[in-house]
1. What is the residue count in the stretch 99-137 for residues that are β-branched (Val, Ile, Thr) and free of Cβ contacts under 8 Å to residues at least 40 places away in the same chain?
2. What single numbered condition from (1) in contact (Cβ under 8 Å) with a residue 40 or more places away in the chain; (2) under 27 Å from Arg81 (Cα atoms) fails to hold for Met157?
3. Any chance the stretch 48-58 includes a residue that's over 25 Å from Val135 (Cβ atoms) and surrounded by 19 or more Cβ atoms within 10 Å (Cβ to Cβ)?
4. Can you spot a residue in the stretch 180-190 that is free of Cβ contacts under 8 Å to residues at least 60 places away in the same chain, more than 14 Å from Leu124 (Cα to Cα) and exposed (fewer than 15 other Cβ atoms within 10 Å of the Cβ)?
5. Among the candidates Pro152, Pro167, which residue alone is within 29 Å of Val238 (Cα to Cα), in contact with a helix residue (DSSP H, G or I) (Cβ under 7 Å, 6 or more places away or on another chain) and not basic (Lys, Arg)?
6. Please go through the stretch 152-163 and pick out each residue that is over 17 Å from Val121 (Cα atoms) and surrounded by 11 or more Cβ atoms within 10 Å (Cβ to Cβ).
7. Can you confirm whether Pro93 is closer than 30 Å to Thr196 by Cα and outside the structural domain of Glu20 (by TED's automatic domain parsing)?
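The values are calculated or read from the model by the stated rules, or taken from the named source; none is laboratory data. All values derive from a computational prediction rather than experimental measurement. Backbone-built Cβ (ideal geometry, glycine too); neighbour counts: all protein chains shown.
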Amino acid sequence: MDRPALADFLRRRRELLRPEDVGLGAGARRRTPGLRREEVAALAGMSTDYYTRLEQQRGPQPSEQMVQAIARALRCSLDERDHLFRLAGHNAPARVHRADHVDPAILRVLDRLDDTPAIVVSDLGETLVENRLAVALLGSGLGLAGNERYQPWRWFMTESEPAKYAPEQHDRLARAQVAALRSAVGAAGTGDRRATELVADLEANSEAFRALWSLHEVGTRWEDHKTFVHPELGRITVDCQVLHTTSQTQALLLFTAPAGSEDAQKLELLGVVGQQVFSR
């Protein structure tokens with residue numbers, strides 16, 4: 001770990017960013033250029049003290065997961081992300097077909113969505129980044145371990161994931177989950193360890209998954225119509241628009257409702273309800 005170089009890189013990247021670059025309001029006049037340390041810490045999901053110590057050359061070596069979170073918060077390019085990993089004493093992640101590093105163009109769009117629930121997911125259904133309204137609508141999909149981080153696994157292995165959606169849509173959404181996973185597995189090939197282990201786990205432990213997997217349905221969804229069941233606001237029907245990256249390995253999902261509709265009003269209320277129900 002190169003503490004001086006790491007601290008210098010973090011500070012310079014932070015100073016290059018403006019609040020509007022990451023979806024924050026400009027607020028009061030700033031004494032220094034760029035983002036504040038507490039803003040970067042919040043974007044990375046860590047304490048301000050932890051991040052500050054890294055910039056002051058006195059923090060512990062951050063984990064690979066933490067370095068990935070910092071790279072996202074600072075909107076690093078792939079080259080910058082790899083450099084950050086090396087400064088932190090880790091090998092840079094391989095630039096394979098599937099990457100955890102969120103596509104910068106997709107991330108810029110997400111940063112500007114203040115009034116629309118939106119998330120970025122991988123082709124295997126892992127949530128890579130989410131905005132506050134998406135968390136208020138669905139709960140957070142970040143910070144999960146093992147195969148639990150993939151939505152298809154949560155759909156077939158837990159009761160809480162399907163419970164977020166209207167019961168009459170469960171059959172259709174289950175088939176869509178499996179078809180999308182089949183498409184991702186086919187595109188990645190047999191050498192994709194993550195996909196192979198995920199499918200093996202589901203086949204071994206879910207009869208419902210095995211039945212749908214045997215149908216060999218394939219499909220990538222570009223849009224959808226979903227009804228969520230929110231713990232406090234009840235049913236919310238939305239249009240789900242999907243923006244894929246060129247590689248098809250990541251997608252930005254936006255949940256909207258017609259202006260003036262009851263569902264649109266409920267989406268607006270998410271900003272008030274916030275994450276209260278998920279923090280109990």
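1. Result for the stretch 99-137: 1.
2. The single condition Met157 does not satisfy is (2).
3. So far as the stretch 48-58 goes, yes, one or more of its residues are over 25 Å from Val135 (Cβ atoms) and surrounded by 19 or more Cβ atoms within 10 Å (Cβ to Cβ).
4. yes
5. Pro152
6. Matches in the stretch 152-163: Phe156, Met157, Thr158, Pro162, Ala163.
7. Criteria met by Pro93.
Conditions (1) under 18 Å from Ser77 (Cα atoms); (2) modelled with pLDDT under 90; (3) charged (D, E, K, R), marked per residue:
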position	(1), (2), (3)
Leu6	yes, no, no
Leu16	yes, yes, no
Asp21	yes, yes, yes
Tyr50	no, no, no
